[in-house]
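Each remark here refers to the structure printed beneath this line.
Derivation of every value follows stated rules applied to the coordinates shown; laboratory data play no part. Since the structure is predicted, the reported quantities are computational estimates derived from the model, not experimental observations. Glycine also receives a Cβ, built like all others from the backbone with ideal geometry; neighbour counts cover every protein chain displayed.
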Amino acid sequence: MLITQDDIPALARGCAVLGTGGGGEVTTSALIAHQALSECGPVEVVTLADLPPEGILMPVGMIGAPSVSIEKLSSGTEIGSLRRLVEHHTGQPVVALMVSEIGGGNGVLPAAWAARSGLPLLDADGMGRAFPQVDMMSMNVAGLPPSLIVLADERDNAIIVQAVDGHWAELIARSVTEVFGGSAAMSDYVMPVQRARGAIVEGSVSNALRIGRAVVASEHPVEGLLAAVQGIKLIEGKVVDVQRRTAGGFVRGSVVVEGYGADQGRLVRIEIQNENLVALEDGQVRVIVPDLITLVDSQTADAVATETVRYGQRVAVIAMPCDPIWRTKRGLEVAGPRVFGYDFDYVPVEVLHAS
């Protein structure tokens with residue numbers, strides 16, 4: 001499969017939905033990717049079977065508060081800095097890039113970096129959605145250590161991190177990112193291709209493209225989206241309250257949606273930490289992380305990012321199941337509700353909404 005300029009709008013739409021409000025806004029990343037592909041040609045999308053087992057796989061993305069990345073743009077040179085350090089440190093060539101998180105702009109930007117570097121892009125990622133922390137990766141769930149992490153900023157500053165576990169990887173990478181100005185390019189969980197099998201979420205890139213194309217092709221975009229993701233519409237209404245602040249490298253806050261039409265009289269509160277984490281109604285959990293919660297425009301089904309949601313927007317709140325890896329005991333230890341400070345046990349969205 002090839003990703004061309006014509007595929008970027010669908011990819012961006014799909015990644016925005018899977019971002020659950022986070023992963024960075026997609027508009028800028030889509031423009032960057034469109035330019036890179038126009039100048040360097042299409043990007044080949046490959047599977048693990050297409051790659052040499054001993055070759056180095058380089059997951060890539062941006063780290064930091066999404067609100068910062070809107071104003072602090074990438075220079076486009078970060079991928080070169082990351083790749084040089086990885087190859088120098090490992091002594092092996094990088095054979096492919098992989099999306100660290102398929103959600104938001106972080107799902108789109110690697111297509112630009114793959115085009116610029118002449119490398120293929122693996123049809124996979126480390127989350128199947130977006131999460132706010134470095135340790136919230138499927139590789140961590142699978143027991144792989146974050147033995148090599150590289151960060152770079154737009155000024156060509158770069159640093160190698162060798163953390164003992166995912167917890168320390170998050171602490172150190174977040175601290176470095178704040179020094180870099182609140183946003184940085186990162187390659188984390190760098191590994192040989194042969195170690196990736198069973199530790200990554202395969203099919204992520206093609207899934208994002210499928211979702212984006214389904215929305216575009218549907219006469220009723222929200223219904224088309226629901227069918228594509230096997231989702232549930234929690235509420236359709238107006239945003240009546242937004243609380244948002246940037247602290248500790250994250251966007252934190254909440255959004256309240258007041259229902260109209262068939263949902264008249266209902267209020268749903270969504271709490272965020274870069275991503276939408278939990279939806280509450282009358283004090284009851286309606287959906288909770290690691291399942292996905294996405295706000296989309298009620299007419300176009302364009303996903304609304306946490307850093308751009310505004311009072312008065314007409315939205316539909318969509319919930320969908322996460323990748324099965326996050327529903328395992330270890331998956332919930334890494335990215336379940338209690339990790340984010342909620343005193344709730346995880347209940348799958350389809351169970352919460354069983355009729």
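To test your reading of the geometry: what angle, between 0 and 90 degrees and rounded to tens, separates the Cα axis of helix 8-18 from the longest principal axis of the chain? The helix 8-18 is inclined about 60 degrees to the chain. The angle between the Cα long axis of helix 105-117 and the main principal axis of the chain comes to about 20°, on a 0 to 90 degree scale.
What number comes out for the charge environment of SER38, summing +1 per Lys or Arg and -1 per Asp or Glu over other residues with Cβ under 13 Å away? Mind dumping the intermediate values first?
Values: positive: ARG116; negative: ASP6, ASP7, GLU39.
That works out to -2.
For segment 1-133, what is the relative contact order in percent, using Cα pairs closer than 8 Å and at least 6 residues apart in sequence?
On the way: 251 pairs, mean separation 53.4, N = 133.
Relative CO of segment 1-133 lands at 40 percent.
Using every pair of separate Cα atoms, the Kirkwood estimate puts the hydrodynamic radius of segment 1-108 at 14.8 angstrom. Calculate, in whole percent, how much of the Cα-Cα pair population of segment 156-302 lies beyond 17 Å. The proportion of pairs with Cα distances above 17 Å equals 73 percent. Here LYS329 is the anchor, and the aspartates and glutamates within straight C-alpha reach of less than 13 Å, apart from those fewer than 8 places off in the same chain, are ASP345. Going through (i) 41, 25, 20; (ii) 28, 26, 19; (iii) 31, 21, 19, the figure that equals semi-axes √(5λ) of the Cα gyration tensor in Å as computed for the structure here is (iii). For LYS233, a cut-off of 15 angstrom between C-alpha atoms picks up these aspartates and glutamates, skipping any fewer than 8 places away in its own chain: GLU223, GLU258, ASP263, GLU281, ASP291, ASP297, ASP302, GLU350. Here segment 179-218 is treated as a sphere whose radius is the Kirkwood value from Cα pairs; by Stokes-Einstein at 37 °C and 0.692 mPa s it diffuses with a coefficient of 243 µm²/s. Across the alpha-carbon atoms of segment 73-181, the computed radius of gyration and Dmax are 13.4, 34 angstrom.
Between SER175 and ARG338, what is 0.36 nm times their sequence separation minus the Cα-Cα distance? Round to one decimal in nm. All intermediate terms of the calculation are to be shown ahead of the outcome.
Details: separation 163, 0.36 × 163 = 58.68 nm, distance 2.31 nm.
Additional length available on full extension: 56.4 nm.
Counting every other Cβ atom within 10 Å of each residue's Cβ, CYS322, CYS15 order from fewest to most as CYS322, CYS15. Which residues does the label zone of ASP6 cover in segment 101-135, counting backbone N under 14 Å from a point 7 Å along Cα→Cβ? Within reach of a label on ASP6: no residues.
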